[in-house]
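What follows is a set of notes on a single structure, which appears directly below.
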Amino acid sequence: MFDKMMLFLFLLISIIAPFAGEGHAINALGSSAVAVGLIANIGFMLYNRLRMFSKNLFHGEIVKQLQLMYKPLLNAHIMLNMLGYFAGMTHGLLYVRHLEPISISLVFVMNVLMASGFLLRYTSARDVRIFNKLLHSQLILSVMLVMLVILHAMTAEE
């Protein structure tokens with residue numbers, strides 16, 4: 001199913017790319033990818049911190065309600081990240097003729113984070129889950145992603 005989805009996305013981009021000009025629509029696609037990524041990740045990180053804090057401080061109904069919210073919020077986090085990822089990749093593919101080292105690094109970091117999150121969610125082998133949890137939750141990767149997005153936005157006009 002995933003390969004069919006990727007083929008469909010590639011064909012869709014191949015059809016759209018010749019009609020996409022150097023305009024505001026492609027820039028808006030990149031900006032929306034950043035906005036969706038911020039919403040997905042900051043909200044989920046705050047929820048996880050609240051959940052861990054409440055385990056140590058509270059007991060009973062509050063903790064139970066926060067635990068029940070985990071799966072739906074995780075699914076929302078995954079869906080929003082996928083939406084931002086595909087919007088960012090589409091933005092990059094439409095601007096592929098302006099490829100530069102910062103953009104290539106950004107693509108690499110986005111792919112590593114997306115692949116580790118995908119494997120973290122959909123694998124069950126203990127060793128693979130531990131490795132992906134360590135990789136997906138690395139602060140250095142998140143900081144690199146933010147810095148590369150900022151650098152990309154600053155140098156995009158040049």
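Only the coordinates and a few stated rules stand behind these numbers; no lab work does. Because the structure is a prediction, the values reported are computed rather than measured. Backbone-built Cβ (ideal geometry, glycine too); neighbour counts: all protein chains shown.
A straight chain from Ser54 to Arg121 at 0.36 nm per residue would run longer than the Cα-Cα distance by 21.7 nm. Sorted on the mean count of surrounding Cβ atoms within 10 Å across their residues, most packed first, peptides 51-62, 24-35 read 24-35, 51-62.
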